[in-house]
DNA sequence: ATTGCTTCCGTAGTGAGGTACGGGTTTAAG
DNA sequence: CTTAAACCCGTACCTCACTACGGAAGCAAT
C-alpha cells in the first residue's frame, strides 16, 4: 500500500511553510506555483514538492529577489543554467551593496545630527532642524535620488 | 519699490527644487505644503519659503523619513522642540542601522553563493540553486520575516 | 443532522509615494 | 489674434506583495 506521503490541503501547506493561504493562491496566480488538478468536486492536495517550491520562494525573497526575478530563477531550476543563476545573483549582490553604502551615508549624516542635538546647545535652536532647512551636508557630496 | 523677490509659479518652483509639478501638488494634498491663495481668477505664486519647504522635505526624505514623519517634523519647526526632533532622529537612526545589518547578512549569504558558483564545479549542479532549494544558510541562523 | 471550520473562486482593497489624464482657463510670444 | 505653453483641478492609475471579502460548497466532529 502506497502511502501518499504528506498529502496536504492548501491550509496545511501554507501553515507548514509559514505563509498565509492567500499568499499561496497569490503565488499560483503569479505563476510561481502550479495549481494541482482537483479531484472531481473536491479539494486540491499538495505534496512535498509544493512545499519545497514555497521554501525556494521564501529563501529567494530573503536574498532580495522580487517575485518576478524568482519566476526567472525558477526557469533555471534544472541546474543546467548555473551561469545564468550566478549572473542574477551577482546583479542582486551589486544592488544590495549599493543599498548598504547608501544607508551607511545616511547613517553617518543622521548620527552626526543627533550627536549635535545631544551636545546641549544654548538657545532656541535645533541643529537637526537647521540642517534639514539648509540641506543635510551629505557626507560624500554625492547627490542621490530619494527613490 | 519692493521687489517681491523670486516669485514663482508652481512649475518654476518644482523645477528649481528638482521635483515634478504633480509632486508639489501631492505634498499640498498631504498637508506638507500650503496652497497659496490665488489672485482672483489667476495663478498661484510661490516664494522662497515654499522652496525652502520643498528642500526640507527632500532632505528629510533622504534621511529616510516617511512623508508622515516629515509632517511630524514640520510641527517642530520653531526650533523649540529640539528634544522631540532628536528623539525622532534617534529612532530613524536605529531603524537605518537595523536595515544595514539585515542587508549585510544578505550580502554575506549572497556573496558566498556566488563565489561557490564561480568556483567551477564538475557536473550538472548549481550551488546557488541548491541552496535556494534547501534553504539558504542564513549566516546568523536568525529568522527574518521578508517584509 | 447540525454546527462550524476549510476550501474554492473571483474581485477588490491596502500602503507609500507618487505619476498620468483630461478638460478647462490663463498668460506669454509671435 | 492666434497659438502654444503653463496652470488649475479632480480623479484615476501605477508598483509590489499581499490581504480581505463574500458566497457557495465540502468535510470533520458531535
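So the values come out like this:
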| read-out | value |
| --- | --- |
| Within the stretch B:109-147, tally of residues that are under 31 Å from the mean Cα position of the chain (by Cα), within 7 Å of chain A (Cβ to nearest Cβ) and at pLDDT 90 or above | 6 |
| Verdict on residue B:86 being within 20 Å of residue A:85 (Cα to Cα) and in a helix (DSSP H, G or I) | no |
| Tally of residues being part of a helix (DSSP H, G or I) and away from DNA strand D (no atom under 12 Å from the Cβ) across the stretch A:22-31 | 0 |
| Considering residues of the stretch B:56-83 that are surrounded by fewer than 17 Cβ atoms within 10 Å (Cβ to Cβ) and more than 9 Å from chain A (Cβ to nearest Cβ) only, the residue farthest from the chain's Cα centre (by Cα) | B:75 |
| Among the residues listed as A:16, A:23, the single one being within 13 Å of DNA strand C (Cβ to nearest atom), farther than 21 Å from residue B:128 by Cβ and within 16 Å of the chain's Cα centre (by Cα) | A:23 |
| Qualifying residues in the stretch B:32-51 (those that are more than 13 Å from DNA strand D (Cβ to nearest atom) and more than 18 Å from the chain's Cα centre (by Cα)) - the one surrounded by the fewest Cβ atoms within 10 Å (Cβ to Cβ) | B:49 |
| Tally of residues being within 14 Å of another protein chain (Cβ to nearest Cβ) and within 12 Å of DNA strand D (Cβ to nearest atom) across the stretch A:1-21 | 4 |
| Index of the failed condition, residue A:6 passing every other in (1) in contact (Cβ under 8 Å) with a residue 24 or more places away in the chain; (2) under 27 Å from residue B:106 (Cα atoms) | (2) |
| Residues of the stretch A:91-108 satisfying the condition of being free of Cβ contacts under 8 Å to residues at least 24 places away in the same chain and at the interface with chain B (Cβ under 9 Å from one of its Cβ atoms) | A:93, A:97, A:99, A:100, A:103, A:104, A:106, A:107 |
| Members of the stretch A:34-57 that are part of a loop (DSSP other than H, G, I, E, B), in contact with a strand residue (DSSP E or B) (Cβ under 9 Å, 6 or more places away or on another chain) and within 12 Å of DNA strand C (Cβ to nearest atom) | A:36, A:45 |
| Test: residue A:101 is surrounded by fewer than 20 Cβ atoms within 10 Å (Cβ to Cβ), more than 20 Å from residue B:92 (Cα to Cα) and at pLDDT 95 or above | no |
| Pair list, Cβ < 7 Å and 6+ apart or interchain, from the stretch B:22-33 residues that are within 14 Å of chain A (Cβ to nearest Cβ) to residues that are modelled with pLDDT of 95 or more and more than 8 Å from DNA strand D (Cβ to nearest atom) | B:27/B:33; B:27/B:57; B:32/B:57; B:32/B:67; B:32/B:70; B:32/B:71; B:32/B:74 |
| Only one of A:61, A:105, A:91 that is in a helix (DSSP H, G or I) and closer than 30 Å to residue A:132 by Cβ | A:105 |
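The values are calculated or read from the model by the stated rules, or taken from the named source; none is laboratory data. These numbers come from a predicted model, not from an experiment. Ideal geometry is used to build each Cβ from the backbone, glycine not excepted, and the neighbour counts take in all protein chains shown.
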